[in-house]
Every structure is written in structure tokens, then in C-alpha cells.
Amino acid sequence: MNTTNIILIPLLPLLSFILLGLGGKRLFGDKAGWIASLAMLISFVLACGVAMNYFGDHSADAYVGKVVFSFPWLPFGNGLKINMGALVDPITSLMLFVVTFISLMVHIFSLAYMKGEERFHIYYAFLGLFTFSMLGLVISSNLFQIYIFWELVGVSSFLLIGFYYQKNAALAAAKKAFIVTRFADLGFLIGILVLSAEANTLDFQQLMINLSSPEYTSAAGEFMGISVLSWGLALVFIGAAGKSAMFPLHIWLPDAMEGPTPVSALIHAATMVVAGVFLVARLYPLYSIAEVGVQSLISSIGAFTAIFAALIACTQTDIKRVLAYSTVSQIGFMMFSLGIMSEDHLGYTASMFHLFTHAIFKALLFLAAGVIIHYVHSNEMQDMGGLAKKMPVTHIVFLLACLAIAGIPPFAGFFSKEEILLNAWNNNRPIFFIALLTSGLTAFYMFRLYFSIFWNKPHHEQGHGKKEGSWFELIPLMILGVGTVLAGFVPFGEYVSADGKPHHAPIDLQFSLGPVGIALLGILLAAWMYFKASSKPEKTAAGFGVFYKAAKHKFYIDEIWLGFTKGVLFNLIGRPAAWFDRNVIDTLVKGAGSATQSAAEGIKGMQSGKVQQYGLYFLFGIIIIVSVFLFTQGGR
Amino acid sequence: MNLLWIVGVPLLTGLAIVLAPARHARMIALGGAILQMALVIGLYFSFTHEREVGNVFPLLFEKQYQWFPSLGFSLHIGVDGISVAMMMLTAFVVVAGVLVSWKMEHMKKEFFFFLTLLAFGAYGFFMSMDLMVLFFFLEVAVIPKYLFISIWGSGNKTYSANKLALMLMGGSALILVGILGLYFSLPPESRTFDMVKLAETGIGFEIQRWVFPLVFVGFGVFTALFPFHTWVPDGHSSAPTAGSMFLAGISMKLGGYGCLRAATYLMPEGAHEYANIIIVLASIAIIYGAFATMMQKDLKYINAYSSISHCGFVLLGIGMLTKTAITGAVFQMVSHGLMTALFFAIIGMVYERTHTRLVAQMGGLLKVMPFIISAMFIAGFCSLGLPGLSGFVAEMTVFVGSWETKDVFHRTATVIGAMSIVVTAVYILRAVGQVAMGPLVASGEGVDDARWYERWSVIILIAGILVMGLAPFWLYELVSPGVEIIVNQFAGK
Amino acid sequence: MNVEPGLFHFLVIGAVLFFIGIYGFLTRRNLITMLMSVELILNSVNINFIAFNKYLWPGTLDGSFFTVFIIAIAAAEAAVAIAIIINLFRSHQSINVEVAEEMKY
Amino acid sequence: MNGSTIVFYLLGLMSIVSAVLSVTSRQIFRSAIYLLFTLIGIAGLYFWMDYQFIAAVQIVVYVGGIAVLIIFSIFLTQQSGEQLPEVPVSRAVAGAIAVMSGLALVLVLMDRYGFSGLSDPGPAPSVAAIGEKMLDINGYALPFEVVSILLLAAMVGCIVIAMRKKSQV
């Protein structure tokens, strides 16, 4: 295991950030993208090396986590300290590969896609910052370290969503993304405090040993009837839910589509949004010993988010928003899979597997959507249609990705989704049925998208002979397309499992019939409605009535949040606080001042300069003093 | 290293400014400020060198000169890690403040003289080990501020200057009463103003009980202790740019340092007695300041109110009385000093170009002044506690330290404090986002980016923020022995 | 109470005159009337001196001398005061004390 | 109650009543005349006490000198017959309260102390004794000279103050 390599993996993107951020335009001009892509390529190669090295080492019975490097970054006085380190274990290796791979694809894709942007170098600088933060997050060996990078990915996401900074929508979306995740991070932070105080350490490995030790579990405290450990984990889960856009904190993700499309592919589809899943997976050993309530919290929120987002996705018309809701839904799958704990920990492997395959095909979908959007200059579905012939490469890879996400064998999504469903079937039937329904919906909305874009009505408006896209765009699409086809065949369970031991995931063909069947049903329905332009969609929508309208308006969650922030935070707390400060406290202060002043005004008259008045005071004074002496001690 | 150099250089600089022609004032001030910075950095290195060679004596470079022997006080100076950290903060802010005021035209000789005088007061304050001398330097650092605001200020400056001066003087009065009360409550043979001696001999609980609140509240006024914080918004918003930087960057730290050194260190039992009240007030200040900030429309008011919130962390840390929390309080002082000075410097630059400080009248300025606005983003991110910048380190240390005490009260206070990070994010992003992003407003057309002196001013402060944010361990190593001495006072009792 | 006039009676007269003088001094705004009040005060003091001299130390002369000196000084004082009053009247056309307030502020 | 006692009370009453009138009258000229009566009454009291020399000085200096001086200055500064402004009630009341309480206090004090002089004082000093003592080097010679100088100074001062300055013409 080469320590330097592991440190270099995140540092190269950081270097590219610093170089491009400080002197980008002057030093490199239009070559900025190449510099960043080169750094990313080296990172990717190193990451592959690390992963192969790690998984290639079969000497031990199981894959164990190794802290390959660690130094105290910030000690606290009480024995706790933030160590900056690198923990290499199966999911780290996996994530290193995924992040560097997707990031590399996005870097290459952007060379063409973002060409001619005024802030081209800044874009690459931010991509570098994001990639650095995300890589730092996945190699974290310390709970606080993960929080640090967690915040950094949040801020790079803010910067990238707001990349088109002159658009008000971008500003609003960037703020919303940051603030909503920040709100969730509050839970994470308090969770960290709880866990660290319980375990007296922040390092993951020691944390898990300490908190699962019998000495601790026997002496663990309670708060409001729930063990402190469960509190801590539930709070950490809030953070994870925020970053991974779980209901009801999902509202930021669809808006985040205001950012450049490659950014959506990288951050809001493949990597950052799964950080929550990664975090829960990182703490999986603790969640598995926590109270059942915490586990079912995770699984029920995940499952609800999955179906909820899928329903919304069926009604959206902006293709990036459809994809965004689809992302939310798929992350819901990963999340509930983690939450359904069982003896064999199949959910863990399945979730990670799905994370892996989803990253590839969702990045593909977004990048393809980017190509399409550039081609038709619109995000709206009704401006598209009949593009199949104009954009053959995009068409094929898009189809592959849609099949993958719908769970049609032998594409990537099939295998991972199958494991998730199997785990749910074995351990939690209600969630299984929800997930099954969601699978059908997924197939439906993805093919709705596919048919609307590529078939439906003939494309005639513009761009005869227009190029589909530059090779810099198409090559990453093809690579990802290949990945979509092949990723499912990775014997994933061999490498990634909760306990590090190889895990043979059974593919039960009989069991698969149901999910695949329902997915096919969804596809057929979509084909029936959208293959040819017709009025069927409108009629169906009308048939659903209020329900359709609610889904179209995202079930009004945004409005509820807006009402909460505007109504409660601003009007109920902020405004009174500001008012109170200016009018009550300041009045008290001013009152002290003006009381002094008026007292002075009052006694100013005594200093009239009139001798007679002074004489009067003098006389009174004498009288009073003499009387005091006379009647207090005058008795003698 | 003789500490007197560090107070001597600003004094000599001030003298030179007075004597030299006005057109050289800024050059002399800058030279003096840079010399001070060099001295302070040199002090840091010789300090760490002494520590490395095993000098474990709590105070280094200690010196004691007779001053007023008949009144029982002497010029007793010495530094520990906390002082060195605070002095470095001062040095950074002073250089940045001089640079920002480079184009000051109105009464520039006086302006730079007072700037230097403030530095003199602050350095002296951070190294004095005698209560009376401490008080003397505190006053030296306060009075020029009144002049800053009333001469070079803007807006409702007379009102603000009066308010600031009166409230700070009120605080000083409490401190003086406390100090004198302490002195005369002691038995005659052990009467002294020397803090080291006082800490050694200890002060009776009955005395601590009534002196502690006086001294703590007195210094608390300086560091915006709720409800004595209302000078902060008015004072900061009326002061000239460099004045706001000093006010928020250094003066508010005088209060925090004083609370730590003169109140908590000398009177540990008093601190225990009142810790819960301090925590309650600090928590209120944190969350209430944050919410009040959310509704402000003027950039300077936003930063001033957020200073109330951030200084709440200093007091929260002190109130928690654990080593980590107090370390966090010191971190927060340094961090907030740098960050808020940077913020005010930038607000001044933006104002100079757009002639407005109202957030609603700005927008899209990133396009025309990328350097300034990028720095503003950094200041904003530091304020909302982004890792890699100093604010994060400070806040997290306070939180971890606060969480240590395992009861519901302390933990509730911590959670309330932590809640402010969300509110902070809201107001910072609202303000900075509005200023930087969106369509460019008309007032931003054709303005230029930062000039060389502004660039350097910003770079110096950002360098401080980054060094602290990226490598907090060295600051920890510097500060923690000093904090340990304070905490041992509790343990010893 | 003894109706036979004695020391006490003179002292009472002196005190009453003294306070009448004070009253005049405090309430009048005219400089001449104020001067007259001052004369009353001085006279009441003289009465006391003489009465003490007569009833307490009959063999001595000190009370008388004080009285003489007081009268002499009162004369001087009156002369100076009237000179000032006349001068004031010339410059202000009034001898009301409240008119002369240039040095008040 | 013999004649001497009646005379005493009459003299005392005259002094006090005219003193009161003197400080309250709104006619400044009358005020001066009442003052004159008070001074004469006091001189009478000195006679009653057998202090003829003091009484004589009182009449010569006060009645003959100061009172006349005051009357002259009234003529110089005031059209006679003009009424003085009325004293505001608040000022009168404040003054009265102060004076009354002061008087009460003094009377209480005197009552406590219980001044009781000799019931039969000896003979009053003769004018000759006064003259001798006045010029005795061990007596009052120095004060006498000092007072002389004071009077001289006052005289010079009066002239200087009251003299018309050239610029004022």
C-alpha cells in the first residue's frame, strides 16, 4: 500500500484548484481545462492502483480497514483530536474509484461543453476543489475529518451551482442547497459531539471498537428513554439525509440543476449526493447495533423518499428535474437498503453496489442530457422529440442508461436493484412492495423521458446537419455506456461487504421475474403514452386530477419550507429579534443615557449663577446639617 | 527579547507621525506597523524557542519596573501563549488597517497617530500582568475610538460615538470599581495589583463573589455581552473602515481577553459561581445576534450584529470553564478578529466604489470586482464556519469543549450555540450572495477592482485566516499551555 | 418665660432681625434693597455682641469694640456697594441683579 | 412690669415691625425709611442697655450716614414712587420657609443652651475707657489702624468705581 499515492489522489485536484484559482487565466488561458484534466487523470490512475492493490491483496481472510496515514490536525484539550488521515477499506477503495472516474469523465466532457465560458478556468478550479473535498471525504479516518470535507463538498457544490452567478435562479438555488444541507449538518455536528463524548475518540476504528464494546453498552446512558448512542446515530443520519436529499430535506436537489449540466452529473447525481449513503455505510457497524428505531427510521425515510420522488418525477417536464428526482428516488433505494439490517448484511453490499452502478448510469444520463440540451437549447421536454436519428450516439447510450436504471437485465442497475429488493423481501415486506412499485414508476418515467426526447414527434425545428456534439463529449458518453453495460457483472459481493468477508450474492432468477416484469410494464406504458405524440398523457393526467397536480407541484414541500423559513425564521424570530434589539434593549440603553441627561437638565437650574438662589440652598443646607447634628447627637 | 520594544515601537511611530510632515504620515505608519508585525512574529519564534528548550515557566520575557510604588502598582509585563496569539492578531489587523486607510485625506496625520495609539494600547493590554496597568492600556485603546468615529465617521456619528464611548466607559468604570474593590478588600499586607501574585495567594470567596461580576461584566461590555451590546452595531457602522476593523478586530478582543485574564484567571470560584449566568447570556447573544443579523439591510450592520453572535462564542467558551472550551474561546477571538477585520475592510472597499452599503442596492459585483468579492466570499465562509478557514476551528473547539460537561443545561447551551451556524449560513449567504451574484446593478458599472494597498490588506488578513484554518495545531500548541494555567486555577480550588 | 428683659430677649430680637434680613436678601432683586437687608443682618449681629458683652462679660469692652468695627466696616461696605450699584446702573440702566448676567455662562 | 420693660418691648417691636416692612415694602423709598426706623430702634435698644457710645455711633453712622447714603442712591438710580416688581410667590414662600425653619432652629438652639446672663449686670463701660482701650498698644490699636486703612481704601475704591470713565461719556 503506497501511502504517498493515497495522499496524492486528493491533493492533485487541490493543486489544480490552487493553480487555476490563483492564476488561472493569466497562466494557462484556455489550457486550464487540460491542466485540471491531466491532474484528474493521474488521480484516477492512482485511485485504480490503490483499489487494485487493496482488493488484490488476498492474504487475509477478510478485507480490513487500514489507516495508512494520520496526523493530529487539531487536538482538543480533553483527549479528543481531529486527525487528518486516510482510512483504506473496501468502501473507500470503491468510492475512490467512482469519484475519480466520474470526475475524470466530467472533466473531459466539460472541455467541450464549457468551452468559451468566460470563467472557464474558475469552473475547473471549482471542479478541482470539489473533487478534492469529495476524495478527502471518502478517505476520512476520523469522524470530524469527514465533517470537514462534508462541509467543503457543500461549499464547492454552492460555488458550482452558482457558477452562472448572474442568474438570479442560480443564486437562489445555490443558497438553498447550501442552507438546507447546512440545516441537516447541524444534526450531524451534534451527532458527532454526542458520539465523540461517548466514545472519547473521533477516529472511526477506535470509535466503533469503543462504542460496541460490552463495557460501553452496559454503561451507556439514556436520554428521553432512548440510548445516547441511538440519539447520536439518529442525529448523524439527519446530516446524511440532508446531503443525500432524503425527504423532507430533498428540496434543494432539483433546484441545484441550475448549475452547469456536467456539475449536475458529477455532484448531484454520482458523488456528493451519495455522501449521506456513504456516511451511513461508514458507520454501519454502529447502526447495526443501534436500536431498531434508528434502523427503521433510515429504512422508512429511504423507502418513502424513493416512491415520493418517483411520483414527482413522473410529472416533471424539465428533463434535468426528472433526472434529479430520479436521483433522489434511487438514493432512497440505497438508503433503505442500508436501513434494513439483517444477519447476512446483504443490504449493505446491495446498497454499495447500487451506489456504484447508479453513479455510472446516472452520470451518463446527465451528460447525455447535457448534450441534448446543448443541441436543442432547452431543458423542456416539449421542445424535444424525434432526436433519435439526429443524435445516434446519445440515443444509444441514453437508452442503455434507461434500461439500466429500470432494472432490465443484463444492465448494471438490474443486479444492484435485485439485491436491494431481495434484501427487502427477506426482511421487510412492506418496504419491498413500495420498492417494487417504485421500480415500475422508475421504468415508466425514465422511458417517458426517453420516448419524449428521442421519438414522440419528428424533430424539424432547427439544426439540420448540426453536429451531435464534440468528441470530447461523446467519448465520455461511450465510456460510461460501456460501464453501464458491464458494471453489473462485477462480482461486487466478493469485494465489498459489511464485515469484509467475501459475500456471494445469489441471483435468483425466479425472484427476479417480479421486478423485471413490473419494470417492463412501466416501459410499455411509457411507450404507449409517449412513443407517438398524442393526447394520452393529458388525459391520464386529467384522470388523476388533484393527485397529478400535487405531484406536479412536488407535493408543495417547497412551499411548506418556504412558509417555514419566511414565516417562522424570518417573521416570527428574526424580525422580532431585530425589533427587540433596536427598540427594547437599545431603548433601555438610551433610557439610561437620557435619564442621566434629564437628571442633568433637572439640576442644571440649580446652577443658575444667581447668588440669592445659592444663598437659599446654602441656608437650607446649613439648616439640614445643623439639624442632623442637633437631633442625632445633640442629646449630649 | 524585551517586550518593551513591542509597546515602544508604536509609541515611537506615533511620535514620528506627529513630528513628520503630514504627507509622510501614512508611510511612517505603515513602516511602524510592519516593524511591529516583524517584532511580534519574532516574539512568536523566540517564545516557541524558549518553550522548546524547556522553559516551562508560565510567563516568558517577564519584566517588572517600578511605576507607582506608593500606589502599589508596577509595570509588570510578560507573555504567555494567549498573549502572543492576541498580539499576532493585533499586528495583522494593524497592518491591514493602515493599508486600507492609505487614501485617507481628511486630517491624516491625526488619523494615523490615533491608529498607532490604538495599537500601542492593545499591545500593552495584552502583555500587562498588573491590573492597574492593564486598565491603563485598556483606556488608551478606547479613547481614540471615540475620536475615530466622531471625526472620521459617517452617518449618525455623534450619536454612535457618544454611545460607544459611554458604554465602554461604563464598562471601564465597572472594571475600575472591581479592581479597587478587590485591592482594598484584601488584607493590607497582601494588597497588590499584580495578577501573578494575586493568582498565587488567591482571593477569598466572599471577595470573588462580588468582584467577579463587576470585572466580568465590565470587560463583557467590550466583547458585546448581552444585553450590553448595543454599542456594537451603531459604533461599527459609523466608524471609518479602519476604525471598524480595529473596533471589531481588536477592541472586542480586549474584552474577551480581559474576561479571561482578569476575571476568570484571578477569580476561579467567582467564575464557577456565575458560570451558568454567563452561559445563558452567551447563548442568548449567539442565537439572538444571529437572528437579528438576518433582518439587517446594511452590510456594516450585518457584520456588526454577526460580531455579537460570534463574540457570544468567546463568552460561551469562557463560561464553560473547560480547557477545550477556553482554548476555543481564544481561537474564536483570534479568528473573529481576523475575519471581521477582513469583512469590514471589504465593506469599506465596496462602499467606496458603489457608494451604498445597503444589500438591496447591490448585485452582481463579482463581475466588476472579482478580487474584492472573492475575498468577501472567503470572509463570509469563514464567518459561517467553513472548514479550512479559521472560524471552523474556533467554533468546533468551543462546541467540543462545551459538550464535555455532561448535563442537560450545558448541552442545551451547546446545541443552541450550534444552531447559530445554520442561521449564520442564512444571513451570510443572503448578504454575500446578493452583493456578489445576480444581475449587475447600475452603481456597479465601470468600477475598478482592488488597488495595490487594498490587495495587500486583504491578502494579509486572508493569510492569517488560512494559516489558522489549515494548520490549527500550531495555534493550539501556542495557546494551550496558557489555557492550562487558567484551568489549573479551577482544579487547584 | 421671664418677661423681664434679659440676654435671651436680646438674642431673640437679634435672631429675628437676622432672619428678616436673610429673607430680604433672598427675595429682593433690587440691589439697594438687598444692601438694606445686609445692613439689617449686620445690625442683628451688633445687637448680639452688645447683649453678650452686657450680660455675660460686663467688665470687658471687646463686644463694644467689635460692634464699632462692624459699624465702621459696614459703612465702608455700604459706600463701596453703592458705588458699584451706581456704576451698574450706568451701564445697565437698572439695578436689578438679574439684569447683570454677562458672566453667568 | 415696669416702665423700662415696656420701653424695651416697644423698641424691640418697633425694630422688628419696621424691619419686616422694610424687606417687604414695594416702594423702595418707604423701604429705606422703614430701615431707618429699625436702625433707630436698635439705637434705642443700645441706649436701653446703657451703651450710650455705641448708640451714638449707631445713630451717627447708620442713621446719619448709611441711611442717607442709601436714600441718595435711591434718588440716583430710581424715579421715586416707582413700584418694585412683585416678589414671585414661589420665591417668597421658599424664602419664608427657609427663614422660618432657620429661625426655629436658632430659637431651639438658644432654648437648649438656655442663655441666662447675669440678672444684674454691672455698669456699662464709660466712653473714656473705650477711648483708652482703643488707643492702647496692648488693646485695640492695631485693629483701629487697620480699620482706618480699610476705610481709606474703601473711600478710594468708591471714587475709582463710581468715577465716570472717559470712554463712557
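Being over 21 Å from A:Thr596 (Cα atoms), modelled with pLDDT of 85 or more and buried (at least 19 other Cβ atoms within 10 Å of the Cβ) is the filter here, so list the residues in region B:149-182 that pass it. Hits for region B:149-182 are B:Ile149, B:Trp152, B:Gly178, B:Ile179, B:Leu182.
Looking across region B:370-385 at every residue that is facing chain A (nearest Cβ under 10 Å) and over 20 Å from the mean Cα position of the chain (by Cα), the one that is surrounded by the most Cβ atoms within 10 Å (Cβ to Cβ) is identified as B:Ile373. Please work out which residue is nearest to the other protein chains (Cβ to nearest Cβ), limiting yourself to region B:431-455 and to residues that are buried (at least 19 other Cβ atoms within 10 Å of the Cβ) and part of a helix (DSSP H, G or I). That would be B:Gly433.
This table checks each residue for (1) touching a Pro at 6+ places or on another chain (Cβ under 7 Å); (2) surrounded by 24 or more Cβ atoms within 10 Å (Cβ to Cβ).
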| residue | (1), (2) |
| --- | --- |
| A:Ala388 | no, no |
| A:Val393 | no, no |
| A:Ile405 | no, yes |
| A:Glu418 | yes, yes |
| A:Asn423 | no, yes |
| A:Lys467 | no, no |
| A:Phe472 | no, no |
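If you take the residues in region D:7-61 that are of a type in the set (Ser, Thr, Tyr) and within 14 Å of C:Ile13 (Cα to Cα), which one is surrounded by the most Cβ atoms within 10 Å (Cβ to Cβ)?
Initially, region D:7-61 is screened for residues of a type in the set (Ser, Thr, Tyr), giving D:9, D:15, D:18, D:22, D:24-25, D:31, D:34, D:38, D:46, D:51.
With the extra rule that they be within 14 Å of C:Ile13 (Cα to Cα), the set shrinks to D:9, D:15, D:18, D:38, D:46.
Values: D:Tyr9: 13, D:Ser15: 28, D:Ser18: 21, D:Thr38: 30, D:Tyr46: 26.
Going through the qualifying residues, I end up with D:Thr38.
The residues on offer are A:Leu159, A:Leu127, and the sole one that is of a type in the set (A, V, I, L, M) and within 22 Å of A:Leu364 (Cα to Cα) is A:Leu127. Scan region B:113-131 and give yes if some residue there is of a type in the set (Gly, Ala, Ser), within 14 Å of chain A (Cβ to nearest Cβ) and part of a helix (DSSP H, G or I), otherwise no. No, because not a single residue in region B:113-131 is of a type in the set (Gly, Ala, Ser), within 14 Å of chain A (Cβ to nearest Cβ) and part of a helix (DSSP H, G or I).
Within region A:132-168, how many residues are more than 12 Å from every other protein chain (Cβ to nearest Cβ), over 14 Å from the mean Cα position of the chain (by Cα) and more than 21 Å from A:Thr201 (Cβ to Cβ)?
Pass one, region A:132-168, residues more than 12 Å from every other protein chain (Cβ to nearest Cβ): A:134-135, A:138-139, A:141-142, A:157, A:160.
Within this subset, residues satisfying the condition of being over 14 Å from the mean Cα position of the chain (by Cα) are A:135, A:139, A:141-142.
If we keep only those that are more than 21 Å from A:Thr201 (Cβ to Cβ) too, we end up with A:135.
Qualifying residue count for the region: 1.
For region D:90-105, state whether one or more residues are modelled with pLDDT under 85, part of a helix (DSSP H, G or I), over 27 Å from C:Val80 (Cα atoms) and more than 7 Å from chain C (Cβ to nearest Cβ). Talk me through it step by step, then tell me what you get.
Within region D:90-105, the first condition is being modelled with pLDDT under 85, and the residues that meet it are D:90-91.
This time we only want the ones that are part of a helix (DSSP H, G or I), so: D:90-91.
Still in the list and also over 27 Å from C:Val80 (Cα atoms): D:90-91.
Checking the rest, the ones that are also more than 7 Å from chain C (Cβ to nearest Cβ) come to D:90.
Among the residues of region D:90-105, at least one is modelled with pLDDT under 85, part of a helix (DSSP H, G or I), over 27 Å from C:Val80 (Cα atoms) and more than 7 Å from chain C (Cβ to nearest Cβ), which makes the answer yes.
Taking the criterion of being touching a helix residue (DSSP H, G or I) at 6+ places or on another chain (Cβ under 7 Å) and β-branched (Val, Ile, Thr), the residues of region B:284-308 that qualify are B:Ile286, B:Ile287, B:Thr293, B:Ile302, B:Ile308.
Take the conditions (1) exposed (fewer than 15 other Cβ atoms within 10 Å of the Cβ); (2) more than 9 Å from chain A (Cβ to nearest Cβ); (3) touching a Ser or Thr at 6+ places or on another chain (Cβ under 9 Å); B:Glu477 misses just one of them, which is (2). Of the residues examined, D:Ile71 is one that is surrounded by 14 or more Cβ atoms within 10 Å (Cβ to Cβ), more than 7 Å from every other protein chain (Cβ to nearest Cβ) and more than 25 Å from C:Phe8 (Cβ to Cβ).
Residue by residue through region C:32-67, note down the ones that are hydroxyl-bearing (Ser, Thr, Tyr), closer than 30 Å to C:Ile95 by Cβ and more than 7 Å from chain D (Cβ to nearest Cβ). Once the filter is applied, which keeps residues that are hydroxyl-bearing (Ser, Thr, Tyr), closer than 30 Å to C:Ile95 by Cβ and more than 7 Å from chain D (Cβ to nearest Cβ), region C:32-67 yields only C:Ser44. Going residue by residue through region B:324-336, is there one that turns out to be within 14 Å of chain A (Cβ to nearest Cβ) and more than 19 Å from the chain's Cα centre (by Cα)? Yes - at least one qualifying residue is present in region B:324-336.
Within region D:35-52, the set of residues being more than 7 Å from chain C (Cβ to nearest Cβ) and not aliphatic (A, V, I, L, M) comprises D:Phe37, D:Gly41, D:Gly44, D:Phe47, D:Trp48, D:Asp50, D:Gln52. Restricting C:Phe10, C:Phe52, C:Phe66, C:Phe19 to residues that are touching a residue at least 12 places away in the same chain (Cβ under 8 Å) and either of a type in the set (Val, Ile, Thr) or within 19 Å of D:Met100 (Cα to Cα) (or both) narrows the list to C:Phe10. Taken over region B:21-52, residues that are free of Cβ contacts under 8 Å to residues at least 60 places away in the same chain, farther than 30 Å from B:Pro481 by Cα and over 25 Å from the mean Cα position of the chain (by Cα) amount to 4. Candidates in region C:89-101 are the residues that are facing chain D (nearest Cβ under 9 Å) and not in a loop (DSSP other than H, G, I, E, B); of these, the one that is nearest to the chain's Cα centre (by Cα) is C:Asn96. A single member of A:Ile507, A:Ile475 is β-branched (Val, Ile, Thr) and modelled with pLDDT of 75 or more, and it is A:Ile475.
Scanning region C:12-29 for residues that are surrounded by fewer than 21 Cβ atoms within 10 Å (Cβ to Cβ) and closer than 19 Å to D:Ile70 by Cβ yields a total of 1. Restricting attention to region B:399-412, which residues are surrounded by fewer than 24 Cβ atoms within 10 Å (Cβ to Cβ), closer than 29 Å to A:Trp561 by Cβ and touching a helix residue (DSSP H, G or I) at 6+ places or on another chain (Cβ under 7 Å)? Within region B:399-412, just B:Arg411 meets the criteria. Here is the figure for region B:197-231: residues that are away from chain A (no Cβ under 14 Å), assigned to a loop (DSSP other than H, G, I, E, B) and modelled with pLDDT under 85 total 3. Residues in region D:13-31 include at least one that is in contact (Cβ under 8 Å) with a residue 60 or more places away in the chain and touching an Asp or Glu at 6+ places or on another chain (Cβ under 8 Å).
For region A:160-259, the helices (runs of 4 or more DSSP H) that sit wholly inside it and include 3 or more residues that are buried (at least 23 other Cβ atoms within 10 Å of the Cβ) and either aromatic (Phe, Trp, Tyr) or in contact (Cβ under 8 Å) with a residue 12 or more places away in the chain (or both) are A:168-199, A:228-243, A:252-255. Scanning region A:589-603 for residues that are surrounded by fewer than 13 Cβ atoms within 10 Å (Cβ to Cβ) and either modelled with pLDDT under 75 or at the interface with another protein chain (Cβ under 10 Å from one of its Cβ atoms) (or both) yields a single hit, A:Thr596.
The values are calculated or read from the model by the stated rules, or taken from the named source; none is laboratory data. Predicted, not measured: the structure shown is a model, and the values here were computed from it. Please note: Cβ atoms are built from the backbone with ideal geometry, for glycine as well, and neighbour counts cover all protein chains shown.
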